[in-house]
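Step one of this worksheet: look at the structure below.
The values are calculated or read from the model by the stated rules, or taken from the named source; none is laboratory data. Keep in mind the model is a prediction, meaning the values are calculated, not measured. FYI the Cβ positions are ideal-geometry reconstructions off the backbone, even for glycines, and counts take in every protein chain you see.
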Amino acid sequence: MEASAARTPIHRRVEEATGPSRPSLGIDPLLLLATLGLLACSIAVLASATKDDVAGSPYYYVIRQGVYAAIGLGLMIGLTRVDYTRLRELKYGLYGVMIGLIVLVIAVGSTARGSRRSFDLAFISFQPSEIGKLLLILCLSAFVVDRVRRLRDRDTTARAMLVALFPAMLVLLQPDLGTSLVYVVVVLAVLFVAGTPGRHFAALAAIGAVGIAFTLVAAPAIGVDVLKPYQKARLTAFLNPSADPANAGYQQNQSRIAIGAGQKTGRGDHATQTRLNFLPEHHTDFVFAVVGEEYGFLGASIVLSLFALLIWRGLRILTMAKNLYGALIAGGIVAMLMFQVFVNVGMTVGIMPITGVPLPLMSYGGSSVLMTLMAVGILQSIHVQSRIASHAKGRVPSL
Amino acid sequence: MLQLQEDRRPPITPQLALRVAILAGVALALFAIVFFRLWYLQVLSGDKYLAQASNNQVRDIVDPAPRGDILDRNGHVLVDNRISIAVQLEANHVPPRGPARTRLLHRLQPVVGLTPRRMEREIARQQKLLPYANVTLKQDVSPAVRNYVLERKDTFPGVAVNTVFLRSYPHKELAAQIFGTVGEISPDELKASRFRGVNQGTIVGKGGLEYTYDRYLRGKPGATRVQVDAFGRNTGVFPTREPVQGKQLKLSLDLDLQRAGQEAMSEAGGIPITDGERNRGGAFVAIDPRNGEVIGMGSFPSFDPNLFAKPLKPSVFKKLNSQDTGAPLVNRATAGAYPTGSTFKVVTALAAMQSGTITPDTVVNDPGSIQIGNIVFHNAGKTAHGAVAMRDALRVSSDVFFYRLGQQMNGIGGDILQTWAHRLGLGRTTGIDLPEERSGLIPSPAWRDKLYRQKLTDRPWSVGDNVNLAVGQGDLQATPLQLAVAYSTVINGGKVPTPHLGLRIEDGAGRLLQKVEPPPARHVAIDPNYRQAIMDGLQQAASAPGGTSADVFAGFGRTVLGKTGTAERAGQSDQSWYVAYAPDQRRPIVVAVTVEQGGFGAESAAPAARLILSQWFGVQKKLVRGASATF
């Protein structure tokens, strides 16, 4: 009796996993684990780090982040059931929506610390450039897939670059340097995965180098400042953060002190850098420093491992994708996540400049959490679709 | 049937596999970099960053401790504290010279009422004095000013409003020189062993009793260790250490006697207490001969030490040190070294008898003058005293008698006169608990011959020098305190008391913590017969007919022993001296008085001594000037 009772659920699970009629269950469990793990970490860290931030409501940020996570998880599950391939047809619509939102936010968005990045909606403040990252990946991949036979043309690369650089420039105007860099990384990654020849990248690198030289040296010399002074200060401060500890280097110094002070196992409730606000933006951009201070090397390693897991699964899904569109999307998403993790964590440990890139799933913020969960949902969708496809291959000649 | 996922994977092109591998490689490299960096920060340098994090959050706010009060022997307050609000520039936040600082000082101008130029001067002066201390711009500001500044932290960066304790001297000029000043500890003092454990910024004694008893008076500063957040806001207070006031120092000084001494110096000595052009100087010391307790000590002209509670104007400080105003800061009782005139004869008498040069009863004829070598030495006014023995010689202050002793003792027994002078405490510090003490000088053959060899004087030692010394003239330099100690030694029959102002260290409630009882400096073997001869002579001098101060003490009603002295000073009129001893079972007292340019001893110093003794024994005060014109 006991044996059969115990066996029943296993049998059911086996059937569900293998049954072709249940595609929604073909999700990647490790990817899900990494996602849920990071969300859990985020909630836990915010719970302790933001206790005193809003007077009278110690769980202000936790509750909000929990709601974003719940909505995001809903969207993610929804997306796993959608065949991402159909998004390809919507590419012009998606691109139009993206550009429209970004332009709109520049026009009427609310200003926070000198930049216009978000709309204040009833409950959340919505940041279109975050969703834009995902929309860009979807449109760009569709565009590249359309021209897959002309990948060797300079024209293709140039057009793809234009598709991405246009919103990137708009975002830079907000100004939001970090996000616009994400857009650039996304387009490079999509082109790379698609198989754009190396010489195109070399040419792009050369143009980029000239462009950077122009923005940092030539343009200021003739009186045109492309970057705001604070952006320049941030970009250069990390090279020598102690030079001006009260200003540009201050955040970086405090972040480094916080992480270092965490030592091996963290300071727990004695995490004074966080609790006493020495650590700026500890619930958003510098949330990793909170992890480092409160949970030490151990905690930081766990979070990094979860990100590593996320990226590994993403790369694996890339290889499994049933079509090029899926592979490109997966490539773009993986590159985006990788870039954000490295730039954000690098910033907190003092090896990258401060660019205001949130740590995916960890940083507090509705737009970022929703976008990342939707991106993960699409990754899952690619995974699910690839399994459906391989099953189908076994029974139906073609889709 | 469960299939392995790998079986179902669509094949990918080798090119795509390579590109994915490259992506994976990049990811691996980036994670490796981050891990390595984390390891470096958290595991390898964690201690350093932990220390930095701790420094970040903690600020120590020092609450200065009020210094202990100084009381007289009866518990009257001589020095205490008052609280003052001071506007200061914080040492670490004073902007460097430049437009920022000029702007700040301009904003401060209406607050502290000083021009920016004046403030710049003050900053420069105080930073030179104490490089890393707060610069006090203005003390004693009103609470309204304090609030104004505190509410405008942004307008006045680096400006602090602190409560400071200022020394307060309710009796102003009274005994002003003995207390000494207080001030923030200097970088040099911080290194000194006597200030071990004292933190920067602490107020310590810079002179006088404040210096000697600093250890007790200083107290323990309290500390409020506050946790602050990134904006410097107080987010929590750690257990706070309350400041502990310094111990109370009770002096042997008697306030009433001290006041009487000051009045006596003014009345009998004609010395204005403060200020005036070319002030005359003077000093008095009153000690208990048994144990060296200093009952009164005054130096004139005096000053109001309350001046030092605030930053002193350089011009005022200069004036206080100037000879033109009589250098009121100098404590003439311990640091004014003068020839003592005939008050020195007690020393000569003892030396002569102890060395066997004469007996107490050896009679010498005093014709009014004596020729020694080719110099003729006269009595004052060339008075002839006739045949005198020791007692008479002291009574009438016969110079010829002592000239002869000086002549006879010259060069015998290894400078016997100098030796006895030294034994009785001249030419050396008495060991009083004040840092400002001079040892004076006993002229000796060795001393003068050395100067002569160095060509600092025109002649070597001669018998005339010893003759001069025998009557307390010439190169002798002694302080009133030394003289009081020398007389006390003779009175005690050989015990040399160590004079001291401190009597008891007490807690705030007046409970005894420690007695100040310095042991006698040494013992000198004195033949009681010789002592008796001297005591008789001194008593007769103050009471018997012909005694140099008999008329001064006429009608005093108590036994007084005393010796007048008149020191001849080059370039100015004579300096008046008097040393008195009033025996008493319970409260014997020795009083030494000197009045610069006061004329004969009986003229100003002795009357002042009478006034002081009157106070001590509760006798009706009466100014009686003596007529005796003796050296």
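Which of the residues that make up region A:316-326 are at the interface with chain B (Cβ under 7 Å from one of its Cβ atoms) and either free of Cβ contacts under 8 Å to residues at least 60 places away in the same chain or part of a helix (DSSP H, G or I) (or both)?
Within region A:316-326, the first condition is being at the interface with chain B (Cβ under 7 Å from one of its Cβ atoms), and the residues that meet it are A:318-320, A:322.
Correct list: A:Leu318, A:Thr319, A:Met320.
Residues of region A:331-361 that are over 10 Å from the mean Cα position of the chain (by Cα), in a loop (DSSP other than H, G, I, E, B) and within 14 Å of another protein chain (Cβ to nearest Cβ): A:Val349, A:Gly350, A:Ile351, A:Met352. For B:Val87, are the conditions met, namely being more than 30 Å from B:Ile505 (Cα to Cα), touching a Phe, Trp or Tyr at 6+ places or on another chain (Cβ under 7 Å) and away from chain A (no Cβ under 14 Å)? Spelling it out, it is not the case that B:Val87 is more than 30 Å from B:Ile505 (Cα to Cα), touching a Phe, Trp or Tyr at 6+ places or on another chain (Cβ under 7 Å) and away from chain A (no Cβ under 14 Å).
Please pick out the residue among B:Gln52, B:Gln42 that is within 7 Å of another protein chain (Cβ to nearest Cβ), in a helix (DSSP H, G or I) and either within 43 Å of the chain's Cα centre (by Cα) or at pLDDT 85 or above (or both). Walk me through how you get there before you give the answer.
Details: B:Gln52 fails: either within 43 Å of the chain's Cα centre (by Cα) or at pLDDT 85 or above (or both).
The conditions single out B:Gln42.
Looking for something of a type in the set (Ser, Thr, Tyr), over 13 Å from B:Leu38 (Cβ atoms) and within 20 Å of the chain's Cα centre (by Cα) - is there at least one such residue anywhere in region A:300-308?
no
Elements of the type helices (runs of 4 or more DSSP H) sitting completely within region B:78-184 and holding at least 1 residues that are closer than 30 Å to B:Arg332 by Cβ: these cover B:116-129, B:176-179. The single condition among (1) within 11 Å of another protein chain (Cβ to nearest Cβ); (2) surrounded by 24 or more Cβ atoms within 10 Å (Cβ to Cβ) that A:Arg313 does not meet is (1).
Can you pull out every residue in region B:464-491 that is in contact with a strand residue (DSSP E or B) (Cβ under 9 Å, 6 or more places away or on another chain), assigned to a helix (DSSP H, G or I) and polar (S, T, N, Q)? If the condition is that a residue be in contact with a strand residue (DSSP E or B) (Cβ under 9 Å, 6 or more places away or on another chain), assigned to a helix (DSSP H, G or I) and polar (S, T, N, Q), then B:Asn468, B:Gln482, B:Ser488, B:Thr489 are the ones that fit.
Every condition in (1) modelled with pLDDT under 95; (2) buried (at least 24 other Cβ atoms within 10 Å of the Cβ); (3) at the interface with chain B (Cβ under 9 Å from one of its Cβ atoms) is met by A:Phe307 except one, and the failing one is (1).
Could you tell me which residue of region A:238-283 is modelled with the lowest pLDDT, considering only residues that are away from chain B (no Cβ under 11 Å) and on the phi > 0 side of the Ramachandran plot? The qualifying residue modelled with the lowest pLDDT is A:Glu281.
Here the condition is being surrounded by fewer than 19 Cβ atoms within 10 Å (Cβ to Cβ) and either under 33 Å from the mean Cα position of the chain (by Cα) or not in a loop (DSSP other than H, G, I, E, B) (or both); of B:Ser302, B:Ser315, it holds for B:Ser315 alone.
For the residues B:Arg107, B:Arg103, the requirement of being more than 12 Å from B:Val87 (Cα to Cα), over 37 Å from the mean Cα position of the chain (by Cα) and without any contact (Cβ under 8 Å) to a residue 24 or more places away in the chain singles out B:Arg103.
Within region B:3-16, is even one residue loosely packed, with under 14 Cβ neighbours inside 10 Å, part of a loop (DSSP other than H, G, I, E, B), at pLDDT 85 or above and touching a helix residue (DSSP H, G or I) at 6+ places or on another chain (Cβ under 8 Å)? Within region B:3-16 (the criterion being loosely packed, with under 14 Cβ neighbours inside 10 Å, part of a loop (DSSP other than H, G, I, E, B), at pLDDT 85 or above and touching a helix residue (DSSP H, G or I) at 6+ places or on another chain (Cβ under 8 Å)), the answer is no, since none of the residues qualifies.
Yes/no per residue for (1) in contact (Cβ under 8 Å) with a residue 24 or more places away in the chain; (2) within 23 Å of B:Leu501 (Cα to Cα); (3) of a type outside the set (A, V, I, L, M, F, W, C):
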residue	(1), (2), (3)
B:Gln323	no, no, yes
B:Leu329	yes, yes, no
B:Thr340	yes, no, yes
B:Met353	yes, no, no
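Checking each residue in region A:202-234 for being surrounded by 15 or more Cβ atoms within 10 Å (Cβ to Cβ) and at pLDDT 90 or above picks out only A:Leu204. Note on region B:542-631: enclosed strands (runs of 3 or more DSSP E) holding 3 or more residues that are closer than 24 Å to B:Ser398 by Cβ, among the hydrophobic types (A, V, I, L, M, F, W, C) and within 26 Å of the chain's Cα centre (by Cα) are B:575-582, B:589-595. The single residue among A:Val384, A:Val376 that is out of contact with any strand residue (DSSP E or B) (no Cβ under 6 Å at 6 or more places or on another chain), under 21 Å from A:Ile27 (Cβ atoms) and at pLDDT 95 or above turns out to be A:Val376. Note on region A:173-201: among residues that are in a loop (DSSP other than H, G, I, E, B) and not polar (S, T, N, Q), the one that is surrounded by the fewest Cβ atoms within 10 Å (Cβ to Cβ) is A:Pro197. Residues in region A:138-159 that are under 23 Å from B:Ala21 (Cβ atoms) and in a helix (DSSP H, G or I): A:Leu140, A:Ser141, A:Val144, A:Val145, A:Val148, A:Thr157.
Looking only at region A:284-304, filter to residues that are in a loop (DSSP other than H, G, I, E, B) and crowded, with 24+ Cβ neighbours inside 10 Å; which one of those is farthest from the other protein chains (Cβ to nearest Cβ)? Filtering region A:284-304 for residues that are in a loop (DSSP other than H, G, I, E, B) and crowded, with 24+ Cβ neighbours inside 10 Å, the one farthest from the other protein chains (Cβ to nearest Cβ) comes out as A:Asp285.
Scanning region B:18-39 for residues that are more than 7 Å from every other protein chain (Cβ to nearest Cβ), farther than 26 Å from A:Ser255 by Cα and among the hydrophobic types (A, V, I, L, M, F, W, C) yields B:Leu18, B:Ala21, B:Ile22.
On the basis of being in contact with a Lys or Arg (Cβ under 8 Å, 6 or more places away or on another chain) and under 30 Å from A:Arg147 (Cβ atoms), does A:Thr372 make the cut?
Criteria not met by A:Thr372.
Of everything in region B:55-79 that is of a type in the set (D, E, K, R) and more than 30 Å from B:Gly502 (Cα to Cα), the residue that is farthest from the other protein chains (Cβ to nearest Cβ) is B:Asp60. Might you let me know whether region A:25-35 holds any residue that is at pLDDT below 85, farther than 18 Å from A:Leu279 by Cα and crowded, with 19+ Cβ neighbours inside 10 Å? Yes, that holds for at least one residue. How many residues are in contact (Cβ under 8 Å) with a residue 40 or more places away in the chain and surrounded by 15 or more Cβ atoms within 10 Å (Cβ to Cβ) when one looks only at region B:186-199? Residues meeting the conditions: 1.
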